[in-house]
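Beneath this line is the structure, given in structure tokens, with notes to follow.
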Amino acid sequence: MLSQEKEPTPYYPEQGHNICEDAVYSLLPEGLEPCDARVLFVHAHPDDESTSTGATMGLLADSGAQVDLVTMTRGELGEVIPRELKHLEVGQPQCTDGGQVLGEYRSGELREAIQSLGVHEHLFLGEGVSAGKETPAIFYDSGMVWGADGRPEANPQASQECLTRTSLDIQVQALMRVIKHYRPHVVVTYDAGGGYGHPDHVRTHEVSLEAVKNLGGTADAPCLLWGLEGDYSSEDNRVQAVIDGSVARKREAMAAHRTQVIIASEDSYQFSNLVVQKISARETYRLIWSAPTATVVSASQEKKR
């Protein structure tokens, strides 16, 4: 009798499990009060802002900071949880639009979620102030497949119009226009590994880093660029920021993403693969880039605030 190969269990890093002794507890540069701060978050898909950085965004909003959000795609290739909406999922017989209607539906979920997070303004890359002569109006979800090790791999059937197959330079220029418009003191995205490794998360990191570096030395450059920490490494010598944020805002925002997220309990959730994950108030970041004159707030300085 032939044995069936077991499906790999998807892997997600656990946020806030490992804290460095010299970690800092603010994303803001020294000398900047939260009520005066402008912070721009750059995410790949609807739901990422809530599941990955929702506690941080909620805390910043509660502190009076201006929190803005750029989302790179509309999540057209994601799986759909509710049975009554399953026909919107790419690959289902009833879905013949490549996920366009699903992307529109998830845009609506995102609008609800960002209200819970206290977001000031939101746009998708390619629209509004990010638009340009050569910039597509929409960058499509690249999708992904789970590898044998439980880690994401590139989707072999990704469209040529998806985020990871369109011009990096065009995406960088579009994000630079956003940064010039909002003039954030701080930009927050993913670290190089893209959090848990989704190809669109990795591309979002690349776009964010190049955009900030290109603006370095100009009046439009932010002070700091942080990346959401993925796998912890004791050999990583970069500054780690630990944010104990608003779990209430985070949970409420996650619940808005009904097509993608199941709130299993007060402190746990699941995606469509049903892997149980913690709804954590603690989110950790690594410092990716800083302006020459910018310094982070030390733990001792933060206690004095």
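The values are calculated or read from the model by the stated rules, or taken from the named source; none is laboratory data. Since the model is a prediction, treat every value here as computed from it, not as a measurement. A quick note on method: Cβ atoms are made from the backbone with ideal geometry, for glycine too, and the neighbour counts reach across all protein chains shown. All accessible areas refer to the heavy atoms of the entire protein, side chains included, with ligands and DNA or RNA removed. Shrake-Rupley method; radii C 1.70, N 1.55, O 1.52, S 1.80 Å.
Inspection of the range 279-293 finds no residue satisfying the criterion of being under 30 Å from residue 87 (Cα atoms), in a strand (DSSP E or B), open to solvent by 30 Å² or more (accessible area, probe 1.4 Å) and of a type outside the set (D, E, K, R).
You will find that of 254, 176, the residue that is assigned to a helix (DSSP H, G or I) and within 15 Å of residue 53 (Cβ to Cβ) is 254 and no other.
Among the residues making up the range 193-213, those that are open to solvent by less than 20 Å² (accessible area, probe 1.4 Å) and of a type in the set (Ser, Thr, Tyr) are 204, 208. Among the conditions (1) in contact with a Gly (Cβ under 7 Å, 6 or more places away or on another chain); (2) assigned to a strand (DSSP E or B); (3) touching a residue at least 60 places away in the same chain (Cβ under 8 Å), the only one that residue 67 does not satisfy is (3). Could you say whether any residue in the range 115-124 is at pLDDT 95 or above, open to solvent by 20 Å² or more (accessible area, probe 1.4 Å) and among the hydrophobic types (A, V, I, L, M, F, W, C)? Taking every residue of the range 115-124 in turn, at least one turns out to be at pLDDT 95 or above, open to solvent by 20 Å² or more (accessible area, probe 1.4 Å) and among the hydrophobic types (A, V, I, L, M, F, W, C). One residue alone among 190, 196 is under 18 Å from residue 10 (Cα atoms) and not hydrophobic (A, V, I, L, M, F, W, C), and that residue is 196. Taking the criterion of being open to solvent by less than 30 Å² (accessible area, probe 1.4 Å), within 20 Å of residue 205 (Cα to Cα) and more than 15 Å from the chain's Cα centre (by Cα), would at least one residue in the range 88-102 satisfy it? Scanning the range 88-102 turns up no residue that is open to solvent by less than 30 Å² (accessible area, probe 1.4 Å), within 20 Å of residue 205 (Cα to Cα) and more than 15 Å from the chain's Cα centre (by Cα). Under the condition of being of a type in the set (A, V, I, L, M, F, W, C) and assigned to a loop (DSSP other than H, G, I, E, B), the residues counted in the range 70-110 number 5.
Residue 222 passes every criterion in (1) buried (at least 24 other Cβ atoms within 10 Å of the Cβ); (2) in contact with a Cys (Cβ under 9 Å, 6 or more places away or on another chain); (3) not in a helix (DSSP H, G or I) apart from (2). Taking the criterion of being crowded, with 17+ Cβ neighbours inside 10 Å and either assigned to a strand (DSSP E or B) or in contact with a strand residue (DSSP E or B) (Cβ under 8 Å, 6 or more places away or on another chain) (or both), the residues of the range 233-251 that qualify are 239, 240, 241, 242, 243, 245, 251.
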